[in-house]
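Here's the structure we're looking at; comments come further down.
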Amino acid sequence: MAKKIFVKDLSKYIGKEVTLQGWVRNYRKASSKLRFVIFRDGTGELQAVAWKPELGDKNFEKVKALTLESSVIITGIPKKHPNFENQYELQMTGIKIIHISEDYPIGKKEHGVDFLLSNRHLWLRSSKQNALMKIRHTVYFAICEFLNKNGFFRFDSPILTPNACEGTTTLFEVPYFDQGKAYLSQSGQLYLEAGIMSLGRVYDFGPVFRAEKSKTRKHLTEFWMMDAEAAYVEHKENMNIQEKLIRFVIKSVLKHNLTDLQTLERDIEALRKADAVFKIITYKQMIEILQQKGIDIHYGDDMGAPEEEALVEGSDVPIFVEKWPKHIKPFYMKVDPNDPEISLGSDLIAPEGFGEIIGGSQRENDYKILKKRMEEDEIPINDYQWYLDLRRYGSVPHSGFGVGLERLIGWISGVRYIRETIPFPRMLYRIYP
Ligand code: 4AD
Ligand code: MG
(Lines give C-alpha, C1' and ligand atoms only; values in the text may rest on other atoms or scores of the structure.)
(Ligands and ions follow the chains in the order given, each with its own letter.)
Protein backbone atom coordinates (compact mmCIF):
# COMPACT_ATOMS: atom_id res chain seq x y z
CA MET A 1 0.00 0.00 0.00
CA ALA A 2 1.29 3.47 -0.95
CA LYS A 3 1.92 5.84 1.91
CA LYS A 4 -0.76 8.47 2.63
CA ILE A 5 0.72 11.97 2.46
CA PHE A 6 -0.32 15.63 2.16
CA VAL A 7 0.36 17.83 -0.86
CA LYS A 8 2.71 20.06 1.17
CA ASP A 9 5.07 17.09 1.66
CA LEU A 10 5.10 15.97 -1.99
CA SER A 11 8.71 16.94 -2.70
CA LYS A 12 9.95 14.51 -0.04
CA TYR A 13 8.57 11.54 -1.98
CA ILE A 14 10.02 11.99 -5.47
CA GLY A 15 9.88 8.68 -7.30
CA LYS A 16 7.92 6.86 -4.54
CA GLU A 17 4.29 5.89 -4.94
CA VAL A 18 2.01 7.84 -2.57
CA THR A 19 -1.70 8.35 -1.87
CA LEU A 20 -3.45 11.69 -1.37
CA GLN A 21 -6.98 12.47 -0.21
CA GLY A 22 -8.78 15.58 -1.34
CA TRP A 23 -10.88 17.35 -3.94
CA VAL A 24 -10.76 18.27 -7.61
CA ARG A 25 -10.09 21.98 -8.04
CA ASN A 26 -10.11 21.74 -11.82
CA TYR A 27 -9.39 19.42 -14.75
CA ARG A 28 -8.27 19.73 -18.34
CA LYS A 29 -8.42 17.47 -21.34
CA ALA A 30 -5.16 17.49 -23.32
CA SER A 31 -5.90 14.61 -25.71
CA SER A 32 -7.99 11.44 -25.81
CA LYS A 33 -5.34 9.71 -23.70
CA LEU A 34 -4.14 12.55 -21.50
CA ARG A 35 -5.89 14.57 -18.78
CA PHE A 36 -4.71 16.90 -16.08
CA VAL A 37 -6.41 17.09 -12.71
CA ILE A 38 -5.74 20.01 -10.38
CA PHE A 39 -6.05 18.39 -7.00
CA ARG A 40 -6.15 20.08 -3.58
CA ASP A 41 -6.17 18.71 -0.05
CA GLY A 42 -6.16 21.77 2.18
CA THR A 43 -2.38 21.85 2.53
CA GLY A 44 -1.74 22.72 -1.11
CA GLU A 45 -2.46 22.03 -4.75
CA LEU A 46 -0.84 19.76 -7.29
CA GLN A 47 -1.24 18.82 -10.90
CA ALA A 48 -2.01 15.13 -11.37
CA VAL A 49 -1.24 13.71 -14.78
CA ALA A 50 -3.63 11.00 -15.98
CA TRP A 51 -1.96 9.15 -18.87
CA LYS A 52 -4.26 6.38 -20.12
CA PRO A 53 -1.58 3.78 -21.01
CA GLU A 54 -0.16 4.10 -17.49
CA LEU A 55 -3.42 4.43 -15.55
CA GLY A 56 -5.41 1.73 -17.38
CA ASP A 57 -8.78 2.00 -19.16
CA LYS A 58 -10.98 1.59 -16.10
CA ASN A 59 -9.22 4.23 -14.03
CA PHE A 60 -9.03 6.58 -16.99
CA GLU A 61 -12.83 6.39 -17.27
CA LYS A 62 -13.03 7.48 -13.63
CA VAL A 63 -10.83 10.47 -14.34
CA LYS A 64 -13.11 11.39 -17.23
CA ALA A 65 -16.10 11.34 -14.87
CA LEU A 66 -14.57 13.88 -12.48
CA THR A 67 -16.29 17.22 -11.97
CA LEU A 68 -15.36 20.41 -10.11
CA GLU A 69 -15.04 19.75 -6.37
CA SER A 70 -15.58 16.00 -6.55
CA SER A 71 -13.84 14.23 -3.70
CA VAL A 72 -11.19 11.68 -4.65
CA ILE A 73 -8.33 9.61 -3.35
CA ILE A 74 -5.49 9.45 -5.84
CA THR A 75 -2.35 7.40 -5.99
CA GLY A 76 0.71 8.24 -8.03
CA ILE A 77 4.40 9.00 -8.25
CA PRO A 78 5.64 12.55 -7.54
CA LYS A 79 7.98 13.95 -10.20
CA LYS A 80 9.73 17.23 -10.84
CA HIS A 81 7.60 19.44 -13.07
CA PRO A 82 9.12 19.39 -16.59
CA ASN A 83 8.83 23.17 -17.05
CA PHE A 84 8.82 24.83 -13.66
CA GLU A 85 11.57 24.96 -11.09
CA ASN A 86 10.57 23.84 -7.55
CA GLN A 87 7.23 22.50 -8.75
CA TYR A 88 6.13 18.92 -8.67
CA GLU A 89 3.41 16.92 -10.30
CA LEU A 90 1.93 13.52 -9.71
CA GLN A 91 2.03 10.78 -12.33
CA MET A 92 -1.28 9.06 -11.52
CA THR A 93 -1.32 5.30 -11.03
CA GLY A 94 -4.70 4.92 -9.35
CA ILE A 95 -7.89 6.73 -8.41
CA LYS A 96 -10.83 6.15 -6.10
CA ILE A 97 -13.87 8.39 -6.44
CA ILE A 98 -15.46 9.22 -3.08
CA HIS A 99 -18.22 11.52 -4.27
CA ILE A 100 -19.10 13.13 -7.57
CA SER A 101 -20.12 16.74 -7.07
CA GLU A 102 -22.86 18.03 -9.35
CA ASP A 103 -23.12 21.53 -10.82
CA TYR A 104 -20.70 23.17 -8.41
CA PRO A 105 -22.00 26.75 -8.36
CA ILE A 106 -18.66 28.56 -8.14
CA GLY A 107 -16.95 28.29 -11.49
CA LYS A 108 -14.29 29.93 -13.50
CA LYS A 109 -16.37 32.93 -14.45
CA GLU A 110 -16.44 36.05 -12.29
CA HIS A 111 -19.08 36.06 -9.59
CA GLY A 112 -20.64 39.03 -7.82
CA VAL A 113 -19.77 39.57 -4.17
CA ASP A 114 -23.32 38.94 -3.02
CA PHE A 115 -23.34 35.58 -4.72
CA LEU A 116 -19.99 34.65 -3.18
CA LEU A 117 -21.09 35.74 0.29
CA SER A 118 -24.32 33.73 0.00
CA ASN A 119 -22.13 30.79 -0.91
CA ARG A 120 -19.49 31.50 1.71
CA HIS A 121 -19.62 27.84 2.83
CA LEU A 122 -18.29 26.91 -0.63
CA TRP A 123 -16.31 30.07 -1.45
CA LEU A 124 -13.98 29.15 1.44
CA ARG A 125 -12.56 26.38 -0.78
CA SER A 126 -11.11 28.76 -3.36
CA SER A 127 -7.33 29.39 -3.36
CA LYS A 128 -7.44 32.95 -2.07
CA GLN A 129 -9.87 32.19 0.73
CA ASN A 130 -7.84 29.13 1.65
CA ALA A 131 -4.69 31.29 1.79
CA LEU A 132 -6.45 33.85 3.98
CA MET A 133 -7.61 31.22 6.45
CA LYS A 134 -4.06 29.90 6.71
CA ILE A 135 -2.74 33.38 7.39
CA ARG A 136 -5.48 33.84 9.99
CA HIS A 137 -4.24 30.68 11.70
CA THR A 138 -0.67 31.98 11.80
CA VAL A 139 -1.66 35.45 13.03
CA TYR A 140 -3.83 33.99 15.79
CA PHE A 141 -1.15 31.66 17.11
CA ALA A 142 1.67 34.20 16.67
CA ILE A 143 -0.22 36.63 18.92
CA CYS A 144 -0.69 33.92 21.55
CA GLU A 145 2.95 32.84 21.27
CA PHE A 146 4.23 36.38 21.74
CA LEU A 147 2.04 36.96 24.79
CA ASN A 148 2.83 33.59 26.35
CA LYS A 149 6.56 34.30 25.97
CA ASN A 150 6.15 37.73 27.53
CA GLY A 151 4.51 36.68 30.75
CA PHE A 152 0.83 37.15 29.87
CA PHE A 153 -1.63 34.58 31.19
CA ARG A 154 -4.70 33.72 29.18
CA PHE A 155 -7.72 34.94 31.13
CA ASP A 156 -11.05 34.41 29.40
CA SER A 157 -13.52 37.24 29.74
CA PRO A 158 -17.29 36.68 29.59
CA ILE A 159 -19.37 37.28 26.46
CA LEU A 160 -22.64 37.88 28.32
CA THR A 161 -22.18 41.05 30.33
CA PRO A 162 -24.36 43.35 32.42
CA ASN A 163 -23.02 46.57 30.89
CA ALA A 164 -21.04 48.32 28.15
CA CYS A 165 -17.29 48.58 27.70
CA GLU A 166 -17.11 50.76 24.58
CA GLY A 167 -20.20 52.99 24.71
CA THR A 168 -23.89 52.17 24.73
CA THR A 169 -24.70 52.90 21.10
CA THR A 170 -23.32 49.65 19.69
CA LEU A 171 -24.66 47.10 22.18
CA PHE A 172 -26.41 43.89 21.22
CA GLU A 173 -29.11 43.10 23.78
CA VAL A 174 -30.06 39.64 24.94
CA PRO A 175 -32.99 38.87 27.26
CA TYR A 176 -31.55 37.45 30.46
CA PHE A 177 -34.12 35.55 32.55
CA ASP A 178 -35.56 37.64 35.37
CA GLN A 179 -32.45 39.82 35.53
CA GLY A 180 -33.66 41.88 32.60
CA LYS A 181 -31.17 42.45 29.80
CA ALA A 182 -27.65 41.26 29.18
CA TYR A 183 -25.34 42.56 26.46
CA LEU A 184 -22.88 40.81 24.20
CA SER A 185 -19.36 41.91 25.08
CA GLN A 186 -17.74 44.67 23.00
CA SER A 187 -14.31 43.99 24.58
CA GLY A 188 -13.15 42.03 27.59
CA GLN A 189 -10.95 44.88 28.80
CA LEU A 190 -12.76 45.79 32.01
CA TYR A 191 -12.65 42.17 33.20
CA LEU A 192 -8.97 41.91 32.31
CA GLU A 193 -8.35 44.86 34.60
CA ALA A 194 -9.61 42.63 37.42
CA GLY A 195 -7.43 39.78 36.12
CA ILE A 196 -4.15 41.69 36.33
CA MET A 197 -4.66 42.41 40.01
CA SER A 198 -4.37 38.65 40.49
CA LEU A 199 -2.01 37.62 37.67
CA GLY A 200 -0.03 40.74 36.71
CA ARG A 201 -0.39 40.34 32.94
CA VAL A 202 -3.35 38.76 31.16
CA TYR A 203 -5.03 38.49 27.76
CA ASP A 204 -8.25 37.24 26.28
CA PHE A 205 -8.93 36.30 22.68
CA GLY A 206 -12.39 35.74 21.35
CA PRO A 207 -15.40 37.08 19.50
CA VAL A 208 -16.74 40.50 20.43
CA PHE A 209 -19.87 42.20 19.18
CA ARG A 210 -20.73 45.68 17.99
CA ALA A 211 -24.14 46.63 16.70
CA GLU A 212 -22.46 49.12 14.42
CA LYS A 213 -24.75 50.37 11.69
CA SER A 214 -21.83 50.94 9.39
CA LYS A 215 -21.48 49.39 5.98
CA THR A 216 -17.80 50.12 5.44
CA ARG A 217 -15.37 47.47 4.22
CA LYS A 218 -13.63 47.63 7.62
CA HIS A 219 -16.56 46.83 9.94
CA LEU A 220 -18.03 43.58 11.16
CA THR A 221 -20.74 43.19 13.80
CA GLU A 222 -18.96 40.13 15.19
CA PHE A 223 -15.18 40.16 15.13
CA TRP A 224 -12.30 38.74 17.12
CA MET A 225 -10.39 40.81 19.59
CA MET A 226 -7.31 40.09 21.60
CA ASP A 227 -7.33 42.30 24.68
CA ALA A 228 -4.07 42.44 26.65
CA GLU A 229 -3.69 44.14 30.02
CA ALA A 230 -0.62 44.62 32.24
CA ALA A 231 -0.09 45.89 35.79
CA TYR A 232 2.66 48.46 36.38
CA VAL A 233 2.88 49.21 32.65
CA GLU A 234 2.43 52.85 31.66
CA HIS A 235 1.47 54.50 28.38
CA LYS A 236 4.86 54.46 26.59
CA GLU A 237 5.66 50.88 27.52
CA ASN A 238 2.15 49.92 26.43
CA MET A 239 2.91 51.15 22.90
CA ASN A 240 6.26 49.42 23.00
CA ILE A 241 4.61 46.05 23.73
CA GLN A 242 2.18 46.61 20.86
CA GLU A 243 4.99 47.37 18.43
CA LYS A 244 6.92 44.25 19.41
CA LEU A 245 3.78 42.14 19.10
CA ILE A 246 2.91 43.38 15.61
CA ARG A 247 6.48 42.97 14.38
CA PHE A 248 6.52 39.44 15.74
CA VAL A 249 3.31 38.69 13.85
CA ILE A 250 4.73 40.07 10.59
CA LYS A 251 7.84 37.90 10.94
CA SER A 252 5.75 34.81 11.66
CA VAL A 253 3.57 35.29 8.60
CA LEU A 254 6.61 35.91 6.37
CA LYS A 255 8.11 32.72 7.75
CA HIS A 256 5.08 30.43 7.45
CA ASN A 257 2.87 31.88 4.72
CA LEU A 258 5.00 33.08 1.80
CA THR A 259 3.08 30.94 -0.69
CA ASP A 260 -0.23 32.18 0.70
CA LEU A 261 0.90 35.80 0.44
CA GLN A 262 1.85 35.11 -3.19
CA THR A 263 -1.54 33.51 -3.87
CA LEU A 264 -3.10 36.74 -2.57
CA GLU A 265 -0.73 38.82 -4.71
CA ARG A 266 0.40 40.67 -1.59
CA ASP A 267 3.19 43.24 -2.03
CA ILE A 268 5.58 41.27 0.17
CA GLU A 269 8.29 43.94 0.12
CA ALA A 270 5.86 46.43 1.64
CA LEU A 271 5.13 43.97 4.43
CA ARG A 272 8.85 43.40 5.08
CA LYS A 273 9.40 47.15 5.32
CA ALA A 274 6.72 47.44 8.01
CA ASP A 275 8.92 45.38 10.34
CA ALA A 276 10.91 48.44 11.46
CA VAL A 277 10.58 51.05 14.22
CA PHE A 278 6.98 52.39 14.29
CA LYS A 279 6.28 56.13 14.29
CA ILE A 280 4.61 57.88 17.21
CA ILE A 281 2.81 61.20 16.76
CA THR A 282 0.42 63.05 19.04
CA TYR A 283 -3.19 63.69 18.14
CA LYS A 284 -2.30 67.38 17.81
CA GLN A 285 0.49 66.61 15.34
CA MET A 286 -1.87 64.37 13.41
CA ILE A 287 -4.35 67.23 12.99
CA GLU A 288 -1.55 69.47 11.71
CA ILE A 289 -0.27 66.83 9.28
CA LEU A 290 -3.75 66.23 7.91
CA GLN A 291 -4.46 69.94 7.57
CA GLN A 292 -1.21 70.33 5.64
CA LYS A 293 -2.43 67.59 3.33
CA GLY A 294 -5.49 69.72 2.67
CA ILE A 295 -7.94 67.71 4.75
CA ASP A 296 -10.77 69.55 6.46
CA ILE A 297 -10.24 68.44 10.05
CA HIS A 298 -10.13 70.44 13.28
CA TYR A 299 -8.80 69.92 16.77
CA GLY A 300 -11.42 67.88 18.61
CA ASP A 301 -12.61 65.87 15.59
CA ASP A 302 -12.33 62.09 15.53
CA MET A 303 -10.60 60.30 12.68
CA GLY A 304 -12.46 58.49 9.91
CA ALA A 305 -11.28 56.21 7.13
CA PRO A 306 -10.19 59.03 4.75
CA GLU A 307 -8.09 60.64 7.52
CA GLU A 308 -6.51 57.30 8.43
CA GLU A 309 -5.60 56.74 4.80
CA ALA A 310 -4.15 60.21 4.31
CA LEU A 311 -2.13 59.99 7.52
CA VAL A 312 -0.16 56.88 6.56
CA GLU A 313 0.40 57.94 2.95
CA GLY A 314 4.13 57.59 2.31
CA SER A 315 4.81 55.73 5.57
CA ASP A 316 6.22 52.21 5.40
CA VAL A 317 5.49 51.51 9.06
CA PRO A 318 2.36 51.70 11.24
CA ILE A 319 1.83 55.00 13.08
CA PHE A 320 0.74 55.41 16.70
CA VAL A 321 -1.50 58.41 17.28
CA GLU A 322 -1.30 59.16 21.00
CA LYS A 323 -2.62 61.66 23.54
CA TRP A 324 -6.17 62.25 22.40
CA PRO A 325 -8.55 64.94 23.62
CA LYS A 326 -10.26 63.10 26.46
CA HIS A 327 -13.83 63.82 25.31
CA ILE A 328 -13.46 61.67 22.16
CA LYS A 329 -12.11 58.72 24.12
CA PRO A 330 -13.77 56.35 26.66
CA PHE A 331 -14.07 57.06 30.39
CA TYR A 332 -11.49 54.46 31.44
CA MET A 333 -8.49 56.17 29.81
CA LYS A 334 -6.05 57.85 32.18
CA VAL A 335 -5.87 61.61 32.05
CA ASP A 336 -2.40 62.98 31.25
CA PRO A 337 -0.96 64.29 34.54
CA ASN A 338 0.54 67.19 32.52
CA ASP A 339 -2.68 68.14 30.73
CA PRO A 340 -6.16 67.51 32.19
CA GLU A 341 -7.76 67.66 28.74
CA ILE A 342 -5.69 64.81 27.29
CA SER A 343 -6.15 61.02 27.57
CA LEU A 344 -3.13 58.72 27.56
CA GLY A 345 -4.55 56.60 24.76
CA SER A 346 -3.14 55.48 21.44
CA ASP A 347 -4.52 54.14 18.19
CA LEU A 348 -2.23 52.18 15.91
CA ILE A 349 -2.88 52.97 12.25
CA ALA A 350 -1.69 50.43 9.69
CA PRO A 351 0.16 51.55 6.57
CA GLU A 352 -1.23 51.21 3.03
CA GLY A 353 -4.61 52.57 4.09
CA PHE A 354 -5.77 49.63 6.20
CA GLY A 355 -6.87 51.80 9.10
CA GLU A 356 -6.85 51.33 12.86
CA ILE A 357 -5.67 47.91 13.96
CA ILE A 358 -5.18 48.50 17.70
CA GLY A 359 -6.80 50.72 20.30
CA GLY A 360 -5.10 51.01 23.68
CA SER A 361 -4.41 53.23 26.67
CA GLN A 362 -3.14 53.61 30.16
CA ARG A 363 -6.15 53.24 32.48
CA GLU A 364 -7.36 55.69 35.08
CA ASN A 365 -6.27 54.15 38.37
CA ASP A 366 -7.36 56.97 40.69
CA TYR A 367 -10.73 56.21 42.31
CA LYS A 368 -11.90 59.82 42.61
CA ILE A 369 -10.88 60.91 39.12
CA LEU A 370 -12.45 57.86 37.55
CA LYS A 371 -15.71 58.21 39.48
CA LYS A 372 -15.98 61.87 38.55
CA ARG A 373 -15.36 61.09 34.89
CA MET A 374 -18.00 58.36 34.95
CA GLU A 375 -20.49 60.79 36.44
CA GLU A 376 -19.69 63.34 33.73
CA ASP A 377 -20.23 60.70 31.06
CA GLU A 378 -23.48 59.60 32.77
CA ILE A 379 -22.28 56.06 33.26
CA PRO A 380 -24.51 54.11 35.69
CA ILE A 381 -22.04 53.91 38.58
CA ASN A 382 -24.01 51.20 40.38
CA ASP A 383 -23.45 48.73 37.56
CA TYR A 384 -19.72 49.41 37.68
CA GLN A 385 -19.12 49.16 41.42
CA TRP A 386 -16.92 46.14 40.89
CA TYR A 387 -14.80 48.09 38.39
CA LEU A 388 -14.40 50.98 40.82
CA ASP A 389 -13.46 48.48 43.55
CA LEU A 390 -10.30 47.73 41.57
CA ARG A 391 -9.28 51.32 42.41
CA ARG A 392 -10.04 50.84 46.11
CA TYR A 393 -7.96 47.80 46.95
CA GLY A 394 -4.33 48.13 45.89
CA SER A 395 -4.81 50.17 42.74
CA VAL A 396 -1.75 50.27 40.47
CA PRO A 397 -0.83 52.06 37.23
CA HIS A 398 -1.79 49.78 34.39
CA SER A 399 -2.36 49.73 30.65
CA GLY A 400 -3.69 47.57 27.89
CA PHE A 401 -4.80 47.37 24.31
CA GLY A 402 -7.13 45.51 21.95
CA VAL A 403 -6.07 44.12 18.58
CA GLY A 404 -8.79 43.72 15.97
CA LEU A 405 -7.83 40.33 14.54
CA GLU A 406 -9.59 40.76 11.19
CA ARG A 407 -8.22 44.28 10.65
CA LEU A 408 -4.74 42.97 11.30
CA ILE A 409 -5.20 40.00 8.95
CA GLY A 410 -6.61 42.32 6.28
CA TRP A 411 -3.53 44.51 6.36
CA ILE A 412 -1.02 41.68 6.58
CA SER A 413 -2.56 39.83 3.66
CA GLY A 414 -3.31 42.98 1.67
CA VAL A 415 -7.04 42.20 1.45
CA ARG A 416 -9.21 45.31 1.44
CA TYR A 417 -12.48 43.74 2.49
CA ILE A 418 -12.64 42.60 6.10
CA ARG A 419 -15.47 40.20 5.23
CA GLU A 420 -12.92 37.83 3.65
CA THR A 421 -10.69 37.63 6.72
CA ILE A 422 -13.13 35.69 8.94
CA PRO A 423 -14.70 32.33 8.04
CA PHE A 424 -18.33 33.47 8.31
CA PRO A 425 -18.63 37.28 8.36
CA ARG A 426 -21.47 38.96 10.23
CA MET A 427 -22.40 42.33 8.82
CA LEU A 428 -25.24 44.83 8.95
CA TYR A 429 -27.11 43.15 6.09
CA ARG A 430 -25.83 39.62 6.34
CA ILE A 431 -26.05 36.77 8.80
CA TYR A 432 -26.43 33.86 6.29
CA PRO A 433 -24.84 31.31 6.06
O1 4AD B 1 -10.52 50.60 19.57
P2 4AD B 1 -11.44 49.61 20.20
O3 4AD B 1 -12.88 49.95 20.25
O4 4AD B 1 -10.84 49.34 21.65
C5 4AD B 1 -11.44 48.60 22.64
O6 4AD B 1 -12.44 47.95 22.54
C7 4AD B 1 -10.61 48.54 23.90
N8 4AD B 1 -11.49 48.18 25.01
C9 4AD B 1 -9.51 47.52 23.71
C10 4AD B 1 -8.58 47.43 24.88
O11 4AD B 1 -7.98 48.41 25.26
N12 4AD B 1 -8.45 46.26 25.44
O13 4AD B 1 -11.29 48.21 19.45
C14 4AD B 1 -10.03 47.60 19.31
C15 4AD B 1 -9.79 47.21 17.86
C16 4AD B 1 -9.77 48.36 16.88
O17 4AD B 1 -8.53 49.01 16.87
C18 4AD B 1 -10.07 47.66 15.57
O19 4AD B 1 -8.90 47.06 15.08
C20 4AD B 1 -11.02 46.57 16.00
O21 4AD B 1 -10.86 46.38 17.39
N22 4AD B 1 -12.41 46.90 15.70
C23 4AD B 1 -13.16 46.32 14.74
N24 4AD B 1 -12.87 45.38 13.84
C25 4AD B 1 -13.84 44.99 13.00
N26 4AD B 1 -15.11 45.49 13.01
C27 4AD B 1 -15.45 46.44 13.90
N28 4AD B 1 -16.69 46.89 13.92
C29 4AD B 1 -14.45 46.90 14.82
N30 4AD B 1 -14.44 47.80 15.83
C31 4AD B 1 -13.21 47.79 16.35
MG1 MG C 1 -10.54 52.44 18.59
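Keeping every protein chain present and rolling a 1.4 Å probe, give me the accessible area per residue for segment 109-226 in Å².
Counting only protein heavy atoms, the per-residue value for segment 109-226 is 49 Å².
Which of the lysines could a cross-linker bridge to LYS109, judged by Cα under 25 Å and excluding same-chain residues fewer than eight apart?
Correct list for LYS109: LYS29, LYS64, LYS128, LYS134.
Net charge within 10 Å of GLN91 by Cβ-Cβ distance, Lys/Arg positive one each and Asp/Glu negative one each, not counting GLN91 itself?
In short, -2.
Running a GNM on the chain with Cα contacts under 10 Å, which residue among GLY353, GLY400, GLY22 ends up with the highest mean-square fluctuation?
It is GLY22.
List the trypsin sites (Lys or Arg not before Pro) within segment 377-433 that fall in a DSSP loop (any state other than H, G, I, E or B) and whose Cβ has at most 16 other Cβ atoms within 10 Å.
ARG392, ARG416
If you place +1 on the Cβ of every Lys and Arg and -1 on the Cβ of every Asp and Glu, how big does the dipole about the Cα centre of segment 192-323 come out, in debye to the nearest 20?
For this selection, approximately 300 debye.
Can you give me the C-alpha center-to-center distance between segment 396-417 and segment 309-362, rounded to a whole angstrom?
Using only Cα atoms to place each centre, the spacing works out to 13 Å.
Which Rg and Dmax, in Å, describe the Cα atoms of segment 215-255?
14.0, 39
Would you compute, from DSSP H runs of 4+ residues alone, the mean residue ellipticity of the chain at 222 nm, taking -39500 (n - 2.57) per run and dividing by the full residue count, rounded to the nearest 500?
Only helices count here, giving -9000 deg cm²/dmol.
I'd like the carbon and sulfur percentage of the solvent accessible area for segment 239-322, probe radius 1.4 Å, heavy atoms only, ligands and nucleic acids excluded.
48
Once phi is turned into θ = phi - 60°, what whole-Hz ³J(HN,Hα) does the Karplus curve with 6.51, -1.76 and 1.60 give for every residue of segment 290-295, x standing for Gly and Pro?
5, 4, 4, 7, x, 8
What size of dipole, in debye to the nearest 20, comes out for segment 108-243 about its Cα centre when the only charges are +1 on Lys and Arg C-beta atoms and -1 on Asp and Glu C-beta atoms?
960
Considering every pair of different Cα atoms, what Kirkwood radius, in Å, is found for the chain?
24.5
Taking the Cα centre of the chain as the origin and placing charges on Cβ (Lys, Arg +1; Asp, Glu -1), which of GLY410, GLY151, THR161 is farthest toward the positive end of the dipole?
Farthest along the dipole direction, towards plus: GLY410.
Report the percentage of all Cα-Cα pairs in segment 183-254 whose separation exceeds 19 Å, rounded to a whole percent.
Tail of P(r) above 19 Å: 50 percent of Cα pairs.
Taking the Cα centre of segment 288-342 as origin, sum charge times position over the Cβ atoms of Lys and Arg (+1) and Asp and Glu (-1), and report the length of that vector in debye to the nearest 20.
Roughly 280 debye for segment 288-342.
Give me the orientation-averaged projected area of the Cα convex hull of segment 2-143, in nm², one decimal.
10.2
Which value, in Å², gives the accessible area per residue of segment 303-397 when a 1.4 Å probe is used on the protein heavy atoms?
Accessible area per residue, segment 303-397: 41 Å².
Once Lys and Arg get +1 and Asp and Glu get -1 on their Cβ, which of ASN257, LEU245, ALA231 lies farthest toward the positive end of the dipole of segment 216-271?
The residue sitting most towards the positive pole is ASN257.
Around THR93, which amide H atoms from residues at least 5 apart in sequence, or from another chain, sit under 5 Å from its own amide H, with H modelled in the peptide plane?
Close amide H contacts, sequence-distant or interchain: THR75, GLY76, ILE77.
All other residues with a Cβ under 13 Å from the Cβ of GLY167 taken together, and with Lys, Arg as +1 and Asp, Glu as -1, what is their net charge?
Here the charged neighbours net out to -3.
If we count every other residue with Cβ under 14 angstrom of ARG247's Cβ, Lys/Arg +1 and Asp/Glu -1, where does the sum land?
Around ARG247, the surrounding residues sum to +3.
Considering the convex hull of the alpha carbon atoms of segment 125-213, report its projected area averaged over all viewing directions, in nm², one decimal.
Reported value for the Cα convex hull: 8.3 nm².
For segment 363-371, take each phi angle, set θ = phi - 60°, evaluate the Karplus expression 6.51 cos²θ - 1.76 cosθ + 1.60, and give the result in whole Hz per residue in order, putting x for glycine and proline.
Whole-Hz 3J(HN,Hα) from phi for segment 363-371: 9, 5, 10, 8, 3, 5, 4, 5, 4.
How large is the convex hull of the C-alpha atoms of segment 110-264 per residue, in Å³?
It is 152 Å³ per residue.
Using bins 10 angstrom wide from zero, how does P(r) for segment 276-433 break down, in % of all Cα pairs?
Result returned by the calculation: 10, 32, 30, 23, 5, 0.
What percent does the relative contact order of the chain come to when contacts are Cα pairs within less than 8 Å and at least six residues apart?
Relative contact order for the chain comes out at 13 percent.
List the GluC sites (Glu not before Pro) in segment 273-366 that DSSP assigns to loop (not H, G, I, E or B) and whose Cβ has at most 13 other Cβ atoms within 10 Å. Which are they?
GLU313
When only DSSP loop residues count, what trypsin sites (Lys or Arg not before Pro) in segment 1-61 have their Cβ near at most 16 other Cβ atoms within 10 Å?
Passing both the DSSP loop test and the Cβ count: LYS16, LYS33.
Would you kindly derive the ³J(HN,Hα) couplings of segment 308-313 from the backbone phi angles with the Karplus curve 6.51 cos²θ - 1.76 cosθ + 1.60 (θ = phi - 60°), listing them in order in whole Hz, with x for Gly and Pro?
Values per residue, Gly and Pro as x: 4, 5, 5, 4, 8, 3 Hz.
Computed over the Cα atoms of segment 329-378, what is the convex hull's projected area averaged over all directions, in nm²?
It is 4.2 nm².
Return the long-range amide H neighbours of GLN87 (sequence gap of 5 or more, or a different chain), with a cut-off of under 5 Å between placed amide H atoms.
Here the answer is HIS81, since their amide H atoms fall under 5 Å of that of GLN87.
The values are calculated or read from the model by the stated rules, or taken from the named source; none is laboratory data. Everything numeric in this text was worked out from a predicted model, so none of it was measured. So basically every Cβ, Gly included, is an ideal-geometry build from the backbone, and we count neighbours across all protein chains shown. Side chains are part of the model used for accessible areas, which takes the heavy atoms of the whole protein and leaves out ligands, DNA and RNA. Shrake-Rupley method; radii C 1.70, N 1.55, O 1.52, S 1.80 Å.
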